[in-house]
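All remarks here apply to the structure that follows.
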Amino acid sequence: MAIPKAELHLHIEGTLEPELAFALAARNGVELPYADTEELRKAYLFDDLQTFLNLYYGLMAVLRTEADFEELADAYLARAAEQGVRHAEIFFDPQAHAARGVDMGTVVTGLTRALARSEERHGISTRLIMCFLRDQSAESAMETLQAARPYLDHITGVGLDSAEVGNPASKFTEVYAAAGELGLRKVAHAGEEGDPSYVWEALDLLGVERVDHGLRSMEDPELVRRLVADRVPLTLCPLSNVRLRAIDVLEEHPLARMMDAGLLCTVNSDDPAYFGGYVDDTFHAVHEALGLDRERLRELARNSFLASFLDGSAADEALRAKYLAEVEAYSFD
Ligand code: HPA
Ligand code: ZN
């Protein structure tokens with residue numbers, strides 16, 4: 001059995017496996033520009049974030065109905081359970097669906113149906129985080145926040161994803177302030193391809209509580225000091241970084257050095273259908289490539305629950321304590 005862990009950086013659209021994509025395409029009468037799953041898989045060779053995003057947004061064309069989103073989330077949760085995931089904070093990209101006429105209600109209702117029975121069916125507690133696409137306008141992000149208002153009971157926080165370089169956090173200062181007023185938690189992708197200034201802006205202008213990726217933080221010692229002092233968690237995604245060529249090979253990933261520097265690191269799968277592994281596969285990969293020993297892996301698992309948005313309520317505190325006890329009791333043998 002895999003070590004118990006929380007997954008905190010997971011785009012639900014990035015869990016769309018080729019088999020499900022073709023099944024949904026057939027059901028919805030959507031034509032895909034690939035003959036079969038094998039040909040589609042061959043397209044999974046990316047030069048950078050943008051070449052991945054092109055395929056990622058394109059394949060979403062098959063997601064149309066509440067049932068599609070429910071099936072997508074249920075398939076992820078089933079796989080995540082096998083990977084030791086006990087708690088999942090799941091991103092979704094409403095603007096990418098609105099672009100095809102699929103509204104917020106369809107997406108959130110479908111996802112929520114799967115999430116509502118996740119504890120019972122998969123043994124995984126869940127939260128939803130709505131991401132704004134940073135290569136779209138601030139106005140569009142604000143409209144998206146407004147469209148989400150009827151569904152806020154189901155949404156824990158907001159995030160920021162898509163093409164980073166040239167779309168700094170400063171563009172979204174007002175949207176994040178408005179999200180904060182609505183009681184939403186805040187995260188943002190930063191320092192994936194962008195330099196450390198993108199991380200500084202996410203912290204200082206958006207007030208994020210967690211940084212998604214934060215890979216390039218080590219380039220700025222002052223930033224590292226800040227992240228350590230404030231115990232800001234980073235949701236690293238090592239397999240993603242290799243596939244999107246942010247780093248050349250996993251052996252060069254800074255994860256071990258970041259942990260040594262005192263950063264609160266977590267390890268996540270990002271878009272596992274595209275990047276060659278789910279989250280426990282990632283734990284195994286960093287163990288092999290970076291020589292992280294069992295206690296380091298346990299530290300990553302512990303961090304994942306500490307960094308989660310389980311809050312101070314009695315129910316959440318009890319869940320967190322239960323999960324942390326499972327981490328400490330886990331035997332790798
Ligand atoms: N970075 C930015 N946007 C994304 C990603 C990512 O890793 N995955 C899905 N959207
Ligand atoms: Zn991501």
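The values are calculated or read from the model by the stated rules, or taken from the named source; none is laboratory data. Remember, predicted model here, so these are calculated numbers, not experimental data. Here the Cβ is made from the backbone with ideal geometry for all residues, glycine too, and neighbour counts use every protein chain on show. To get the accessible areas, we keep the full protein, side chains included, count just its heavy atoms, and leave off ligands, DNA and RNA. Shrake-Rupley method; radii C 1.70, N 1.55, O 1.52, S 1.80 Å.
Considered as a group, the residues in the range 3-29 that are under 21 Å from Lys42 (Cα atoms) and of a type in the set (Asp, Glu) include one that is farthest from ligand 1 (Cβ to nearest atom), and that residue is Glu19.
Is the range 294-317 home to any residue that is among the small types (Gly, Ala, Ser) and within 16 Å of ligand 1 (Cβ to nearest atom)? No: the range 294-317 contains no residue that is among the small types (Gly, Ala, Ser) and within 16 Å of ligand 1 (Cβ to nearest atom). Condition check: surrounded by 20 or more Cβ atoms within 10 Å (Cβ to Cβ) and aliphatic (A, V, I, L, M). Does Leu239 satisfy that? So Leu239 fits the description; yes. Within the range 243-258, the set of residues being within 13 Å of ligand 1 (Cβ to nearest atom) and charged (D, E, K, R) comprises Arg243, Arg245.
The test for being under 21 Å from the mean Cα position of the chain (by Cα) and at positive phi does not hold for Gly262. Within the range 123-169, the set of residues being open to solvent by less than 10 Å² (accessible area, probe 1.4 Å), over 27 Å from Ala246 (Cα atoms) and touching a residue at least 60 places away in the same chain (Cβ under 8 Å) comprises just one member, Ser125.
Each residue in the range 179-230 was checked for being in a helix (DSSP H, G or I), free of Cβ contacts under 8 Å to residues at least 40 places away in the same chain and either surrounded by 16 or more Cβ atoms within 10 Å (Cβ to Cβ) or not aliphatic (A, V, I, L, M) (or both), and 22 pass. Within the range 60-92, being touching a Phe, Trp or Tyr at 6+ places or on another chain (Cβ under 7 Å) and within 16 Å of ligand 1 (Cβ to nearest atom) holds for Leu63, Glu89.
Scanning the range 113-142 for residues that are within 18 Å of Arg185 (Cα to Cα) and part of a helix (DSSP H, G or I) yields a total of 2.
Every residue, every condition in (1) under 17 Å from the mean Cα position of the chain (by Cα); (2) under 23 Å from Glu174 (Cα atoms); (3) within 16 Å of ligand 2 (Cβ to nearest atom); (4) modelled with pLDDT of 95 or more, yes or no:
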position: Asp195; (1), (2), (3), (4): no, yes, no, yes
position: Ser217; (1), (2), (3), (4): no, no, yes, yes
position: Glu222; (1), (2), (3), (4): no, no, no, yes
position: Arg226; (1), (2), (3), (4): no, no, no, yes
position: Arg243; (1), (2), (3), (4): yes, no, yes, yes
position: Ile247; (1), (2), (3), (4): no, no, yes, yes
position: Val267; (1), (2), (3), (4): yes, no, yes, yes
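Pairing residues of the range 1-27 that are over 20 Å from Glu66 (Cα atoms) with residues that are of a type outside the set (S, T, N, Q) and open to solvent by 30 Å² or more (accessible area, probe 1.4 Å), at Cβ distances under 8 Å and at least 6 apart in sequence or on separate chains, gives Ala2/Glu82; Ile3/Tyr330; Ile3/Phe332; Pro4/Arg86; Pro4/Glu326; Pro4/Tyr330; Lys5/Arg86; Ala6/Arg86.
Considering the range 1-112, the qualifying helices (runs of 4 or more DSSP H), each wholly inside and each with 1 or more residues that are closer than 21 Å to Val267 by Cβ and open to solvent by 40 Å² or more (accessible area, probe 1.4 Å), run over 66-82.
Let's see how each residue does on (1) within 16 Å of ligand 1 (Cβ to nearest atom); (2) farther than 25 Å from Cys237 by Cα:
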residue: Pro94; (1), (2): yes, no
residue: Glu120; (1), (2): no, yes
residue: Ile124; (1), (2): no, no
residue: Glu139; (1), (2): no, yes
residue: Glu143; (1), (2): no, yes
residue: Ala148; (1), (2): no, yes
residue: Leu152; (1), (2): no, yes
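Of all residues in the range 259-284, those satisfying the criterion of being touching a Cys at 6+ places or on another chain (Cβ under 9 Å), within 15 Å of ligand 1 (Cβ to nearest atom) and not in a loop (DSSP other than H, G, I, E, B) are Val267, Asp270, Phe275, Thr282. On the stretch given as the range 242-260, residues that are open to solvent by 40 Å² or more (accessible area, probe 1.4 Å) and under 20 Å from Asp293 (Cβ atoms) total 4.
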